[in-house]
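Trainee: Pasting in a structure now, in C-alpha cells, and then I'll have a few things to ask.
The values are calculated or read from the model by the stated rules, or taken from the named source; none is laboratory data. The structure displayed is predicted, hence computed values, not measured ones. Heads up, the Cβs are rebuilt from the backbone with ideal geometry, glycines too, and the neighbour counts pull from every protein chain shown. What goes into the accessible areas is simple: the full protein's heavy atoms, side chains included, and nothing from ligands, DNA or RNA. Shrake-Rupley method; radii C 1.70, N 1.55, O 1.52, S 1.80 Å.
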Amino acid sequence: MKERIAELRREIEEFGIDGEASLEQFRISFLSKKGLISALFDGFRNVPPDAKRETGQLLNDLKQLATDKYNEHRERLAMTETVQSSTDLSMPAIPFGEGTRHPISIVRNEIIDIFSRIGFTVSEGPEIEDDNHVFTLLNFASDHPARDMQDTFFIEKKSGTESDPHDVLLRTHTSSVQVRVMENQKPPIRTISPGRVFRNEAVSARAHCIFHQVEGLYVAENVSFADLKQTLLYFATELFGKEVRIRLRPSFFPFTEPSAEMDISCNICGGKGCNVCKGTGWLELLGCGMVDPNVLEACGIDSEKYTGYAFGMGIERATMLKYGVNDLRLYFENDIRFLNQFRTEIL
Ligand code: PHE
C-alpha cells in the first residue's frame, strides 16, 4: 500500500497539465469516484490495524496533493482564458491624437521671443476699448476715415462720463495698449503688445474681421530712426533667416512722423520676382515710424526730452510669409488637416 501511494505521488507530480483537456484527464485519473485515489481508499479496509493510522495519513496527504494541483491549474487556466478572450495583445494600439499649437500661436511666441531677447517687455490691454485710446490720443483727426463704421465695430456711441464722453468699440489695432503703457509708465519704455484686433471687413482670403497683431514701442532719450531700422532688420533676420533683406517705403500713419512701411525680400523667389510677390521681389510686412510728438504729449510724455519709435504688424501676415499660407480663412476654420502640418513646431 505504502509503495502504491509513493508511486501515485510521483505520477501526480509529474502529470503535465497544459490545457482544459489534460486538466480534465487529471481529474478523471486521480480525483473522480472511479479514479486511482478512490481505489486506494477502497483498499484501506484491508490494511492491518497497526498500519491504519500511518497509511490513513499518507492517503489523506495524497488526496490533498492532487486536489491542490487540480485547483491551481484550474485557476491559472481561467485567468489566461479571460485575458485571451477580451484582449488581443497583438492588436495595434488605438491612435491617440496629440494636439498641436496653432500656427498663429507659434509665430506670436516666436515674435515675443525675438523681441524679449533685446529687452522688450510684453504688455496687454482690453479688447473692448474707447475711441480715446484707439484714435484720439493717437492723433487721429475727428474726421479720419478709420473712425468710419466701415472699419470699426462700435459697441456704444458716446457713453463714458458726461465731462468725457467717448464711444465704446472693439480695438482696431493694439496701438491702444501702447497708449495705456505711455499713460502709466515713465520712459525708458520698451514693450511689445500682442493681441486680437477687430475690423469691420467682409471676410475673404485677404481680409478678416478678427486678426492678431504685435505692435512695438520704444520711448527714451535720443531714440532715432536708425535705431528703428536696425531693430527691424534684426527682427526680420531672426524670423525669416539670415538671407532676408528689408526695405522701407515712406507711408502715412496719424501717430507716427515720419512713417514707413517695411517690406522683406520675397522668401519664395529670393527677390527675383515670382507670382507671390507679383514680380516685385518684395513682400509687405509691417508699418512703423517715429512716434508723433503730439502722441507723446497727449500721453503725458515730454516730447522735448524723449523720442520714440513704433511699429506694428499682423501675425497672420507674418505667418503667411513664413509658411506660405495664402488664405486668411484657414487660420480660423480649424481644419485638422491644416493644423496638423504644424505638428513638428515646438515653440
Ligand atoms: N497700428 C498700425 C496698424 O494697425 C500699425 C503701426 C503701428 C504703424 C505702429 C506704425 C507704427 O496698421
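Trainee: Is it fair to say Ser224 is farther than 30 Å from Tyr323 by Cβ and assigned by TED's automatic domain parsing to the domain that holds Val107?
Mentor: Spelling it out, Ser224 is indeed farther than 30 Å from Tyr323 by Cβ and assigned by TED's automatic domain parsing to the domain that holds Val107.
Trainee: Ok, one more. Can you name every residue in segment 166-178 that is surrounded by fewer than 23 Cβ atoms within 10 Å (Cβ to Cβ), outside any loop (DSSP other than H, G, I, E, B) and β-branched (Val, Ile, Thr)?
Mentor: Hit for segment 166-178 is Val168, nothing else.
Trainee: So in segment 295-325, with the set limited to residues that are within 25 Å of Gln185 (Cα to Cα) and without any contact (Cβ under 8 Å) to a residue 12 or more places away in the chain, which one is least open to solvent (accessible area, probe 1.4 Å)?
Mentor: Filtering segment 295-325 for residues that are within 25 Å of Gln185 (Cα to Cα) and without any contact (Cβ under 8 Å) to a residue 12 or more places away in the chain, the one least open to solvent (accessible area, probe 1.4 Å) comes out as Ser303.
Trainee: Being open to solvent by 50 Å² or more (accessible area, probe 1.4 Å) and not in a loop (DSSP other than H, G, I, E, B) is the filter; apply it to segment 262-294 and report the residue that is farthest from the ligand (Cβ to nearest atom).
Mentor: The selected residue is Trp282.
Trainee: Show the residue pairs that are 6+ apart or on different chains and have beta-carbon atoms under 7 Å apart, the first residue being within segment 9-35 and free of Cβ contacts under 8 Å to residues at least 24 places away in the same chain, the second being part of a helix (DSSP H, G or I) and buried (at least 17 other Cβ atoms within 10 Å of the Cβ).
Mentor: As it stands, the answer is Ser29/Leu36; Gly35/Ser29, since those pairs meet every condition given.
Trainee: Go through segment 210-244 and give me each residue that's of a type in the set (Ser, Thr, Tyr), farther than 27 Å from Ser303 by Cα and either within 14 Å of the ligand (Cβ to nearest atom) or not in a helix (DSSP H, G or I) (or both).
Mentor: Selection gives nothing.
Trainee: Please go through segment 245-261 and give me each residue that is buried (at least 21 other Cβ atoms within 10 Å of the Cβ) and either more than 10 Å from the ligand (Cβ to nearest atom) or touching a residue at least 60 places away in the same chain (Cβ under 8 Å) (or both), ordered by number.
Mentor: Phe255
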